[in-house]
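This is the structure I have questions about; it appears just below.
The values are calculated or read from the model by the stated rules, or taken from the named source; none is laboratory data. Fair warning: this is a prediction, and the values are worked out from it, not measured in the lab. Glycine also receives a Cβ, built like all others from the backbone with ideal geometry; neighbour counts cover every protein chain displayed. The area values use the complete protein model at the heavy-atom level, side chains included, leaving out ligands, DNA and RNA. Shrake-Rupley method; radii C 1.70, N 1.55, O 1.52, S 1.80 Å.
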Amino acid sequence: MPSTPHLPVAPPASGFHSPDRPRWEDYARCVHCGLCLNACPTFRVLGEEMDSPRGRIYQIAQADAGRLPLEGAMQLHLDRCLDCRACETACPSGVEYGKILEAARAELESQRPRPAWVRWLRRHAFGQVMPSPGWLRFYARWLWLYQRSGMQSLARASGLLRSLGLAGAESLAPAISNRFFYSAWGRPFPAFGSQRAQVGMLAGCIQNVAFAGMNRATLRVLQHNGCAVTIPAAQTCCGALHVHAGRRDEARRLARQNIAAFEALPCDAIISNSAGCGAALKEYPELLAGDPAWQARAAAFAARLRDVTEFLAELGLRPEGLQPLALTVTYQDPCHLAHGQGIRAAPRQLLEAIPQLRLRELPRSDQCCGSAGIYNLLQPGIAGRLLDDRMEAFDSTGADLLVTANPGCMLQLQAGLRRHRRNARVLHVVELLDQAYTHSNSPCF
């Protein structure tokens, strides 16, 4: 009778030093079966074992044992990961790969040297701009001027952006909203008709200046479905990009601020309309696991957190005022909604509730589009190949609209449609619902 396999013994000494380092008990659950390989976007593109989940886990284990340096090849392979969590869906052993990867990136962040200008840029972007409405307004106004004054058209037509190597990054810049969403912060909004629920709404960071219309659509759809909505003024950035970049201490500060902003709010749910943000917000208990003063508060916060599609599907859409939309649409699953939060049916259920709307399933709809936070800026080659696959899949549906549920995915997919010269639009699920309701053209504030 064959002997029962045992986990390897823990390494006697570790090459990791930070308190956020990867834990042996987490990565030792990987049995190297290889079922994650086909689910992994970078493995499908590059065909390299070290660019697969089990390959990266192997490298992390070797570094933990002190047999592999953190810099060089290992850093390259970890940087290439999109953190899409598709491998977690495929894994029969329940390996929490995202947790392992983010811990490894935190370890790298604590040890790897960076040039002074890179340290300043990262500190300014992550530590000052993203958590600060003031800084976001400042940069957004300059970008709005660039986009609306004709400078953008001139820069694109002149070839200046191409000569500076900025054409790809500039094409991904969001269109800045004419009216920022900050005017809604700190204000209560009553339900339309009889009240069914009281909710708090997370407005995000960049969403307030670049996706203000999407935030307003979210607010209106919630109101139409009987929700009284409060948007606390003390909230801040969710910290998702900080966690992905290995800057966990900054993410913890943001998490504490958000928890404090919402915990005294009498509400049935806390609503996020961004899949990436929602995944990070639901993982606050893990982020604050070593903080006894905040761990229970983080768990209570996460227990109330709902993606807007998840919440509306649970609540049930009010049919009153839901007008027909004679459109053919297809839906792209955001990775951090389908794989990170396990939410797939809810967005489709909401779309199918719109009269006359035809929903056509997108081939391989849960494969990453290549956005992954700022991945499309840092790894444009791999991101572009993933995006081309999504455009090919979209063409096969014959749909008029490409619908998703994450702002970052919306930017990436819209850039793909422009690049492939497709006359189609990308909308968030709530934006399409907002169009279907009769009050959609009425400002909510």
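For (1) in contact with a Leu (Cβ under 8 Å, 6 or more places away or on another chain); (2) polar (S, T, N, Q); (3) surrounded by 22 or more Cβ atoms within 10 Å (Cβ to Cβ), each residue gets a yes or a no:
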{"residue": "GLU170", "(1), (2), (3)": "yes, no, no"}
{"residue": "ALA173", "(1), (2), (3)": "yes, no, no"}
{"residue": "SER183", "(1), (2), (3)": "no, yes, no"}
{"residue": "GLY186", "(1), (2), (3)": "no, no, no"}
{"residue": "PHE192", "(1), (2), (3)": "no, no, no"}
{"residue": "ALA212", "(1), (2), (3)": "no, no, no"}
{"residue": "ALA217", "(1), (2), (3)": "yes, no, yes"}
{"residue": "GLN223", "(1), (2), (3)": "no, yes, no"}
{"residue": "GLY239", "(1), (2), (3)": "yes, no, yes"}
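Which residue pairs have Cβ atoms under 7 Å apart, sit 6 or more places apart or on different chains, and have a first residue in region 147-172 that is without any contact (Cβ under 8 Å) to a residue 12 or more places away in the chain and a second that is charged (D, E, K, R) and open to solvent by less than 90 Å² (accessible area, probe 1.4 Å)?
Short answer, once both residue conditions are applied: LEU161/GLU170.
If you don't mind, there's one more thing I want to ask. All but one of (1) in contact (Cβ under 8 Å) with a residue 40 or more places away in the chain; (2) part of a helix (DSSP H, G or I) hold for LEU387; which doesn't?
(1)
Can you find a residue in region 336-345 that is more than 21 Å from the chain's Cα centre (by Cα), farther than 22 Å from CYS238 by Cα and either at pLDDT 95 or above or among the polar types (S, T, N, Q) (or both)?
no
Run down ALA73, ALA28, ALA39 and say which single residue is without any contact (Cβ under 8 Å) to a residue 60 or more places away in the chain, small (Gly, Ala, Ser) and touching a Pro at 6+ places or on another chain (Cβ under 7 Å).
Details: ALA73 fails: touching a Pro at 6+ places or on another chain (Cβ under 7 Å); ALA39 fails: touching a Pro at 6+ places or on another chain (Cβ under 7 Å).
None of the other options fit; the residue is ALA28.
For the list (1) under 25 Å from PHE189 (Cβ atoms); (2) surrounded by fewer than 24 Cβ atoms within 10 Å (Cβ to Cβ), I need the number of the one condition that HIS244 fails.
Just one mismatch for HIS244, condition (1).
I would also like to ask the following. When you go through GLY226, GLY204 one by one, which is the residue that is in contact (Cβ under 8 Å) with a residue 40 or more places away in the chain, within 21 Å of TRP142 (Cα to Cα) and of a type outside the set (A, V, I, L, M, F, W, C)?
GLY204
While we're on this one: Given the criteria open to solvent by 20 Å² or more (accessible area, probe 1.4 Å), modelled with pLDDT of 95 or more, of a type in the set (Asp, Glu) and closer than 22 Å to LEU433 by Cα, does GLU352 qualify?
Judged against the criteria, GLU352 is a match.
Does ASP249 fit the bill of being open to solvent by 10 Å² or more (accessible area, probe 1.4 Å) and without any contact (Cβ under 8 Å) to a residue 24 or more places away in the chain? Please lay out each step first, then the result.
Working: open to solvent by 10 Å² or more (accessible area, probe 1.4 Å): yes; without any contact (Cβ under 8 Å) to a residue 24 or more places away in the chain: yes.
Answer is yes for this residue.
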